[in-house]
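One structure is given below, encoded as structure tokens.
Each value in this text was obtained by applying a stated rule to the coordinates, not by laboratory testing. This is a predicted model, so every value here is computed, not measured. We place every Cβ from the backbone using ideal geometry, glycine too, and count neighbours over all the protein chains shown.
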Amino acid sequence: MDGDRQDRPDATLLGDTPERSYGDKLERYERFLEPELRGIIAALEIAPGARILDAGCGVGLVTRWLAEVAGRTGSVVGLDLSHGHIEAAERLNGTRELPLRYMQGDLTATIFGPGTFDLVWTYNTINHLDEPVAALETLAATVVSGGRVVLIQDLLLPEMIFAWDERLEQAVVQACRAYYRDKYGLSHRQITDQRNIYGWMLQAGFEQVAVKTVVSERVQPLSQTDIDYFQHSVFEGHWGDRVRDYLDAADWQALQALTDPESDDYALARPDFHAIQTSTVAIGTM
Ligand SMILES: C[S@@+](CC[C@H](N)C(=O)[O-])C[C@H]1O[C@@H](n2cnc3c(N)ncnc32)[C@H](O)[C@@H]1O
């Protein structure tokens with residue numbers, strides 16, 4: 001994966017460009033959280049026939065779940081900046097049976113006219129942008145009067161991947177944050193800016209904003225989807241080689257013992273493995 005901003009001054013805050021692609025990672029993540037995301041969609045009580053935009057749709061699995069709810073009389077568009085993500089979305093999701101289409105484009109540009117959609121869904125995307133409030137204003141302008149913008153950001157609360165040593169946990173969290181600060185040239189403030197999603201919605205002009213945090217929890221027996229996510233995305237991704245230089249040698253070794261499938265201390269083999277993380281949903285009504 002590329003995306004360092006130093007190489008592409010035109011990239012978004014978190015390094016996205018039309019050429020950048022990290023579809024495998026997005027697919028693993030969407031599949032891991034499928035039960036909770038389908039639950040969030042069900043709670044929206046979307047009417048059949050709804051016109052929906054998924055702004056920053058990634059590889060588009062969630063877009064398809066939205067389309068399943070909108071039904072054959074609905075119409076759903078998945079929009080993403082990345083050509084690679086749009087190609088993956090088209091490949092992964094049969095778009096023939098459902099009124100669902102994917103298109104490459106920039107959600108911060110005015111692509112759709114006023115009142116085009118009944119609902120705009122944007123998930124783990126607004127935090128990638130330099131001007132999140134302006135982007136929400138642009139999206140809000142595409143929603144019909146009485147329609148909704150649904151903004152979701154994960155991990156606003158610190159996740160617990162398993163019960164472990166508090167000091168080592170803090171060291172790993174700090175290492176991950178330092179890695180991101182360096183990679184994207186972010187300040188300490190910018191790293192946690194997404195916690196302000198409620199404020200962003202108010203600043204974008206929504207007078208009614210409902211917020212709710214949904215908790216995802218996993219214990220044994222873990223499904224293969226869960227194992228793929230924890231092993232590849234968390235252990236080898238977030239906590240992989242890239243954070244090695246931000247940890248001292250003893251902490252790196254301790255982390256390896258917990259995350260290496262060959263180790264006696266391997267976390268995913270523990271009968272008491274217990275992981276918790278959050279998805280925070282902010283719903284603004286026009
Ligand atoms: C973390 S991913 C989330 C994708 C998807 N919502 C999901 O949950 O899997 C952020 C996505 O936003 C897209 N993106 C970033 N800036 C964008 C922009 N200005 N317009 C449209 N999409 C954008 C990226 O290409 C990427 O697919």
(request) Please identify which residues in segment 149-181 have an amide N closer than 19 Å to a label point set 7 Å out from the Cα of ALA257, following the Cα→Cβ vector. (result) 161-173
(request) Give me the distance between the Cα centres of segment 26-49 and segment 177-255, rounded to whole Å. (result) 20 Å
(message) At 0.36 nm per residue, and after removing the present C-alpha to C-alpha distance, how many nm does the segment from ALA210 to ASN196 gain when stretched out fully?
(response) 3.7 nm
(message) So, R0 is 25 Å and r is the distance between the beta-carbons of ASP228 and GLN104; what FRET efficiency does that work out to, to 0.05?
(response) 0.35
(request) Using only alpha carbon pairs under 8 Å that are at least six residues apart, calculate the relative contact order of segment 1-120 and give it in whole percent. (result) 25 percent
(request) Evaluate the relative contact order of the chain (contact order divided by residue number), counting alpha-carbon pairs under 8 angstrom at least 6 apart; express in whole percent. (result) 20 percent
(request) For segment 158-167, take each phi angle, set θ = phi - 60°, evaluate the Karplus expression 6.51 cos²θ - 1.76 cosθ + 1.60, and give the result in whole Hz per residue in order, putting x for glycine and proline. (result) x, 7, 10, 7, 6, 6, 8, 4, 4, 5
(request) Report the charge-dipole magnitude of segment 23-285 in Debye, nearest 20, computed about the Cα centre from +1 at each Lys and Arg Cβ and -1 at each Asp and Glu Cβ. (result) 900 debye
(request) For the chain, find the longest principal axis of its Cα atoms and tell me its angle to the long axis of helix 61-70, 0 to 90°, nearest 10. (result) 40 degrees
(message) Helix-only estimate, please: 222 nm mean residue ellipticity of the chain, summing -39500 (n - 2.57) across DSSP H runs of length 4 or more and dividing by its residues, to the nearest 500.
(response) -9500 deg cm²/dmol
(message) Along the charge dipole of segment 23-285, pointing to its positive end and built from +1/-1 on Cβ of Lys, Arg, Asp and Glu, which listed residue (PRO132, ILE227, ILE276) has its Cα farthest out?
(response) PRO132
(request) Work out how much length ARG167 to GLU236 would gain on full extension: take 0.36 nm times their residue separation and subtract the Cα-Cα distance, in nm to one decimal. (result) 22.8 nm
(message) As I understand it, the value is the acute angle between the Cα axis of helix 23-32 and the longest principal axis of the Cα atoms of the chain; what does it come to in degrees, rounded to 10?
(response) 90 degrees
(request) Evaluate E = 1/(1 + (r/R0)^6) for GLN203 and ASP265, where r is the Cβ-Cβ distance and R0 equals 45 Å; express this FRET efficiency to the nearest 0.05. (result) 0.45
